[in-house]
Amino acid sequence: MSKLSGAYYEIHHMEQLADRDQWVNHIHPLVKLVVTVFYIATVVSVNKYDLARVLILGVYPIAVFILGEISFTDSVRRVRLILPLVCIVGIFNPLFDRQVVAHIGNISITTGMISMVTLILKGVYTVFATYLLIAATTIEKICYAMRLVHLPGILVTQILLTYRYISVLLKEANTIMQAYSLRAPHQKGVHFKVWGSLIGQLLLRSIDRADNVYASMSLRGYNGEFHGAGQEKCKGSDYGYLLIWAAVLVILRYVI
Amino acid sequence: MHMADALISPAVAGTMYVCSAVAAGYSIKKVRLEADPKKVPVMGVMGAFVFAAQMINFTIPGTGSSGHLCGGMLLTALLGPYAAFLTMIGVLLIQCLMFADGGLLALGANVWNMAFYGCFLGYFLLWKPMASKNASRGRIIAASILGSVISLQFGAFSVSAETLLSGITELPFIAFVGTMQPIHLAIGLVEGLITAAVLVFVYESRPEMLYQAQTQKKDRMSLKKTLVILSACFVVTAGVVSLFASSHPDGLEWSIERITGSTELDAAQQSVYHTSEKVQEHTAILPDYAFKGDDSVLGTSVSGLVGSVVVLAVCAGACWIFTNNKRKKAKV
């Protein structure tokens, strides 16, 4: 599967997950967004040598994976993108930070080793947290939550439109690349002679499409402001979810 | 260059969120001032375009590796710095949420590292002075390459600085910077070349799409205008400039004169030459570029004009016959 079609199916898959009829999907998007950001901030604020606390903080993703019946294996694939950079940054810690703190058999455990493991765990947890948010909340709902915290409409509308047209343009780009690869078999990537014309054609088509989009939006009464359809209010269960996780994370971070 | 949440501390992440928010707030104000209702839909679609285009790999000749487009520089050249910056925020947020490419907490830092430099430095430092006025292929290529390289260098340096300030790595700052900068120099060059190729294509096909670029591409002159100018030149040259023709012998006559002592060959007494000279005397309507038996200036001008018209008619006729034959052959 090409990168383009892979991305297309990934978006489709995430939309299917977010549309499921699970209790976690019905929690107010703003509550889920706040809990996610609070969890990520809590995880990354832990001291780099405090491995035990980082391990304990794994309770949030584990609980949401189980209670929300979200596939763990799907989320593991997403870690591959951030893990190389995190590992490159972390791998030097054992080399420069060599203070021995413990021994396991003949192996000396240094502070550098601990900070490297902590860093990798933090990286994995934060990716899981973002995955859990998007697996249970559609982009439309996240944008709605962003509007509730008074993010400018122009930015939110633009994000929504970008998201809406990503699938369309991924399909179009995939068609172009399929046509190109059929005419240039066994070639890795696009030949430099057609760099400009290949992407340029996609660009010109996109701009023409933008004109059509604007024309159709105008016909439907667009006046610069996007009005979301599904406006929902916070329920008691939403406040409960927020308070429970806030309390759990504060206890895990500062009390235990 | 997308930073993960694990690579940044909450304090640094918060600071970068504030910096990016200030830039975003100013950009929103500027985009609103443009009062172009079409701008937001165009930004949305262009964001989706950058997202899709960045997934296409471009072969780097002679290396076996590939690179992709520099979104910030391309968008700033098409939408302007403010709209481009807001569009890049959308792209980075979706990359973060849908593909875990960059963290949610590190979004402020990623926006700064990848969107701010590409859009604002790329525009004000390079695109505006180099390509906004008198845009040309060379200027667009230079601005794209320099813009991509410089913005990536600043971005890579910011990643190193943010990681250092977050206290994440034990790697010395100089070593980290020394690793990041050269890698991103090569990446910047490739991204710059790809961006340049796309922008040159736009410049060639739809130059009006480039943001504030005064493309002074000369329009092709119409056939009518061309014919009028050529006719004027022909009348002036044949009718007026011919009066100032040199009375000295031309190259061939000069050579003959050097050998025989005269510009005319003494061959008229021989029968063939004598006959042909007689024929020429009868057929020539303007002998020696003048009326018969009249050495007036008017004769020279008329000779120039008549000669030119006859040459033009012969050439046009020959061309017509040649083209007509070709068409007939093509039909067969």
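The values are calculated or read from the model by the stated rules, or taken from the named source; none is laboratory data. A quick note: this is a predicted structure, and the numbers were derived from the prediction, not measured. Neighbour counts run over all protein chains shown; Cβ positions are idealised from the backbone, glycine included. For the accessible areas, the whole protein counts, side chains as well, though only heavy atoms, and no ligand, DNA or RNA atoms are used. Shrake-Rupley method; radii C 1.70, N 1.55, O 1.52, S 1.80 Å.
Restricting the first residue to the stretch B:133-158 and requiring it to be surrounded by 20 or more Cβ atoms within 10 Å (Cβ to Cβ), which pairs with a second residue that is polar (S, T, N, Q) meet a Cβ separation below 6 Å and a spacing of at least six or different chains?
If the second residue must be polar (S, T, N, Q), the pairs left are B:ALA135/B:THR215; B:SER144/B:THR195; B:SER148/B:THR195; B:GLY155/B:ASN113; B:ALA156/B:GLN181; B:SER158/B:ASN113.
Being among the aromatic types (Phe, Trp, Tyr), open to solvent by less than 20 Å² (accessible area, probe 1.4 Å) and more than 28 Å from B:LYS30 (Cα to Cα) is the requirement here; does B:PHE176 meet it?
Yes, satisfied.
If B:HIS282 meets every condition in (1) open to solvent by less than 90 Å² (accessible area, probe 1.4 Å); (2) at pLDDT 70 or above apart from one, which number is that one?
The number of the failed condition is (1).
So which residues in the stretch B:191-216 are surrounded by 16 or more Cβ atoms within 10 Å (Cβ to Cβ) and facing chain A (nearest Cβ under 10 Å), if there are any at all?
If the condition is that a residue be surrounded by 16 or more Cβ atoms within 10 Å (Cβ to Cβ) and facing chain A (nearest Cβ under 10 Å), then B:LEU193, B:ILE194, B:THR195, B:ALA196, B:ALA197, B:VAL198, B:LEU199, B:VAL200, B:PHE201, B:VAL202, B:TYR203, B:MET209 are the ones that fit.
Pairs under 6 Å by beta carbon, first residue facing chain B (nearest Cβ under 10 Å) in the stretch A:176-192, partner in a loop (DSSP other than H, G, I, E, B) and surrounded by 13 or more Cβ atoms within 10 Å (Cβ to Cβ), six or more apart or different chains?
Matching pairs, first to second residue: A:GLY189/B:ASN57.
Could you go through the stretch A:48-58 and let me know if any residue there is in the same structural domain as A:ILE251 (by TED's automatic domain parsing) and under 24 Å from B:VAL177 (Cα atoms).
Checked the stretch A:48-58: at least one residue is in the same structural domain as A:ILE251 (by TED's automatic domain parsing) and under 24 Å from B:VAL177 (Cα atoms).
List the residue pairs whose Cβ atoms are under 7 Å apart, where the first residue sits in the stretch A:1-25 and is more than 12 Å from every other protein chain (Cβ to nearest Cβ) and among the hydrophobic types (A, V, I, L, M, F, W, C), the second is open to solvent by 20 Å² or more (accessible area, probe 1.4 Å) and assigned to a helix (DSSP H, G or I), and the two are 6 or more positions apart or on different chains.
From the stretch A:1-25, the pairs are A:VAL24/A:LEU67.
Can you name every residue in the stretch B:74-109 that is of a type in the set (Ser, Thr, Tyr) and either surrounded by fewer than 24 Cβ atoms within 10 Å (Cβ to Cβ) or more than 10 Å from chain A (Cβ to nearest Cβ) (or both)?
The answer is B:THR76, B:TYR82.
Condition test on A:ARG164, is it at the interface with chain B (Cβ under 8 Å from one of its Cβ atoms) and either free of Cβ contacts under 8 Å to residues at least 12 places away in the same chain or β-branched (Val, Ile, Thr) (or both)?
Yes.
Take A:LEU81 and decide whether it is closer than 13 Å to A:GLY123 by Cα, facing chain B (nearest Cβ under 8 Å) and open to solvent by 10 Å² or more (accessible area, probe 1.4 Å).
Judged against the criteria, A:LEU81 is a match.
Name the residues in the stretch B:73-125 that are in a helix (DSSP H, G or I) and more than 33 Å from the chain's Cα centre (by Cα), would you?
Passing the criteria: B:LEU93, B:ILE94, B:CYS96, B:LEU97, B:MET98, B:PHE99, B:LEU107, B:GLY108, B:ALA109.
Mind listing whichever residues of the stretch A:49-78 are open to solvent by 10 Å² or more (accessible area, probe 1.4 Å), in contact (Cβ under 8 Å) with a residue 24 or more places away in the chain and within 21 Å of A:ILE114 (Cβ to Cβ)?
Hits for the stretch A:49-78 are A:TYR49, A:ASP50, A:LEU51, A:ARG53, A:LEU55, A:ILE56, A:VAL59.
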